[in-house]
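What follows is a single structure, written as structure tokens, with notes after it.
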Amino acid sequence: MASVVHRHGLPAALAARLSDETRAAYEESGRDVRFRLLAQGLGLDEAGLLKALAAETGLAVLEEPAADPEGVKVLPAKLAGEAQVIPVRFPGAEEGRLHLASPLPPDPDVADWVSTFAGRRPVWHLAPPERVTSLITENYGVGSGSFDEDPQSAEAVEVAQTDVEADQDAAVVRFVTDVLTQAVAEGATDVHFEPQEGHLRIRYRVDGLLVAIPLPENLARFQDAIISRLKIMARLNISERRLPQDGRINFRDGKNVLDIRVSTIPTIYAESVSLRLLNQRKEAYDMDRIGMNAEEQEAVRRVLDYPHGIILVTGPTGSGKSTTLNAFLREINSPELRLVTIEDPIEYEVPGANQVQTKAEIGLTFASALRSTLRQDPDVIMVGEIRDLETAEISIRASLTGHLVFSTLHTNDAPGAITRLIDMGVEPFLVGSAVELVIAQRLVRRLCPDCARTVPVDRAKVLPALQALGMGEAELEGVRELREPAGCRKCRGTGYRGRVGVFEIFHPKPLHDMIVARVSNRELTEKAMEQGMRPLARAGWMKVVAGLTTMDELVRNLSSNE
């Protein structure tokens, strides 16, 4: 190497540039966080640090190495994970040698261990930390190092399947922590542990889609211990395997504190465990960030200025309704207003608001909490969901007595919220008088800004998709180019990263007489479109034309009647 290497894999020339505090933190940390600490200490970005390390050590930088399957068989998962090193191959690689990539130069201990297992002298290279971590996960599985122990300790966990002490075994604890930590890193909203015949499948829901994660080959033998560990964390009865159970876990991952809702159900092989990850992001969402354009924001802000009335957000589970209401609350939040929210669960903290968590088991339902809230002198009330007639009637009474009320409903489109309330038993004249605005929404995956490419419009493909959503030639007029996914490291090869909202905004007041006359949802929709309502499909097409998403995503999320 070009210069003396510090005993923790840090070139002496770079070590001299660090403060004593940063150097101490670097030495005490694991190799998985040292790259970030070093970059911060030197004031460099990822590419700059790799370049500096290469200059000091003489090691080559590989931007996009591929894993070497034969080398992966040689190097134990535990060593690969803890040392952040992966056997790689690349064009021009010297045959017969074990090529290894790591974000940092190897320290003497790591080099000795690798040489011991490799049986031959390795060739070291530098690579971006995200790429190394991704290759380790893909080739060894999430949490693989946790079970890379001697066979006897694995047997101990397998035999004592229902024993609490065995469930607390360090390997199982470490594996579950790794799975949850990886879920946070991937931006997952749900984690599913699904026992299958002969193996345990674990899947994340990322950007609305389920993704199977790579797992260690020997995971099946630890299946019962893993499920028991999750139940212990959620304070559930581990001896009860015949009935569904619900619980919650408070999980800390660095600076993130997660409230995880746990649900178990018995299946033919073992209990299936589903986790809903909440409170991952406490930063504010505003109307720009959820995807509303300037015209939509203006329509909403006009109603947010009203002193009373009901604003409803509708859509299926997971369509971002709570996030949208949270953005509205933040928009109007001020020291002059008293805000009270009634939620199940509380997904975002709103500064200055009084937030109530419902507890049905002790009688604190949406309706009972709302009734009590009206005695708390609120200006604005957010009800997490209108599920029954009682909650609907109290919400409407609150809006008619001078309160601004936000809530959600499960309907396919915006006008459907009106007919849903009437079907619940609310008098039509009350619905027509109280509801000021209804917003139907969907979430579609956002194109990755780093790899999306512009292509000419393929009319043979786009036109049938438009027609399937109730549109046609008119929408293609003047559109010459669209964006399409390509796939890169930052989006895990999917071509998409994050999601953006599609909104249908409906003002019921001009249709008051039709609402009182109990006309059908179809008649309400047609009349609203005549008066300028943009349906979900057309609003989504505008997002496609703007280069935010694709026609495939729109078709996947919307049906022809939307």
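Couple of notes before you dig in:
- Among the residues of the stretch 346-385, those identified as modelled with pLDDT of 90 or more, in a loop (DSSP other than H, G, I, E, B) and open to solvent by less than 50 Å² (accessible area, probe 1.4 Å) are A353, T358, G363, P378, G384, E385.
- Subset of the stretch 511-535 that is among the hydrophobic types (A, V, I, L, M, F, W, C), in a loop (DSSP other than H, G, I, E, B) and closer than 19 Å to I422 by Cα - its residue that is most open to solvent (accessible area, probe 1.4 Å): A517
- Test: D388 is under 29 Å from the mean Cα position of the chain (by Cα), over 16 Å from P307 (Cα atoms) and either charged (D, E, K, R) or open to solvent by 40 Å² or more (accessible area, probe 1.4 Å) (or both): no
- Per this entry, L200 is counted among residues that are surrounded by 16 or more Cβ atoms within 10 Å (Cβ to Cβ), under 23 Å from Y140 (Cβ atoms) and touching a helix residue (DSSP H, G or I) at 6+ places or on another chain (Cβ under 9 Å).
- Taking the listed residues R235, R276, R242, the one that is touching an Asp or Glu at 6+ places or on another chain (Cβ under 7 Å), at pLDDT 90 or above and open to solvent by 80 Å² or more (accessible area, probe 1.4 Å) is R276, with no other qualifying.
- First in the stretch 340-358 and within 17 Å of D286 (Cβ to Cβ), second anywhere and part of a loop (DSSP other than H, G, I, E, B) and open to solvent by 40 Å² or more (accessible area, probe 1.4 Å), Cβ under 8 Å, 6 or more apart: Y348/K282; E349/K282; V350/N333; P351/N333; G352/N333; G352/P335; A353/N333
- Restricting I310, I227 to those that are in contact with a Ser or Thr (Cβ under 7 Å, 6 or more places away or on another chain) and modelled with pLDDT of 90 or more reduces the list to I310.
- V555 falls short of the stated requirement of being among the β-branched types (V, I, T), in contact (Cβ under 8 Å) with a residue 24 or more places away in the chain and assigned to a strand (DSSP E or B).
- The set of residues in the stretch 210-227 that are touching a residue at least 12 places away in the same chain (Cβ under 8 Å) and assigned to a strand (DSSP E or B) comprises L210, V211.
- Enumeration of residues in the stretch 408-461 that are open to solvent by less than 10 Å² (accessible area, probe 1.4 Å) and among the β-branched types (V, I, T): T408, I418, V426, V431, V435, V438, I439, V444
- In the set Y269, Y285, only one residue is within 28 Å of L210 (Cβ to Cβ), open to solvent by 60 Å² or more (accessible area, probe 1.4 Å) and in contact (Cβ under 8 Å) with a residue 40 or more places away in the chain; that residue is Y269.
- First in the stretch 62-81 and free of Cβ contacts under 8 Å to residues at least 60 places away in the same chain, second anywhere and among the small types (G, A, S), Cβ under 6 Å, 6 or more apart: V74/A118
- The residue that is surrounded by the fewest Cβ atoms within 10 Å (Cβ to Cβ), among those in the stretch 43-79 that are touching an Asp or Glu at 6+ places or on another chain (Cβ under 7 Å) and assigned to a helix (DSSP H, G or I), is K78.
- So L476, is it under 16 Å from K543 (Cα atoms), hydrophobic (A, V, I, L, M, F, W, C), over 30 Å from the mean Cα position of the chain (by Cα) and surrounded by 15 or more Cβ atoms within 10 Å (Cβ to Cβ): yes
- Pairs with Cβ under 8 Å, 6+ apart, first in the stretch 93-106 and open to solvent by 20 Å² or more (accessible area, probe 1.4 Å), second part of a loop (DSSP other than H, G, I, E, B): R97/R120; R97/R121; R97/P122
Here's the yes/no breakdown for (1) open to solvent by 50 Å² or more (accessible area, probe 1.4 Å); (2) modelled with pLDDT under 85:
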site	(1), (2)
Q161	yes, yes
V173	no, no
D178	yes, no
E194	no, no
L219	no, yes
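- Any hit, the stretch 537-546, residues being more than 31 Å from the chain's Cα centre (by Cα) and surrounded by fewer than 15 Cβ atoms within 10 Å (Cβ to Cβ): no
- Within the stretch 233-251, residues that are within 15 Å of V191 (Cβ to Cβ) have Cβ atoms under 8 Å from residues that are part of a loop (DSSP other than H, G, I, E, B) and not basic (K, R) in these pairs: G247/A234; G247/L236; R248/A234; I249/A234, counting only partners at least 6 apart in sequence or on another chain.
The values are calculated or read from the model by the stated rules, or taken from the named source; none is laboratory data. Since we're looking at a predicted model, the values are computed, not measured. Don't worry about glycine lacking a Cβ; one is built from the backbone with ideal geometry, like all the others, and counts go over all protein chains shown. In case anyone asks, the SASA skips ligands and DNA or RNA and just uses the protein heavy atoms, side chains included. Shrake-Rupley method; radii C 1.70, N 1.55, O 1.52, S 1.80 Å.
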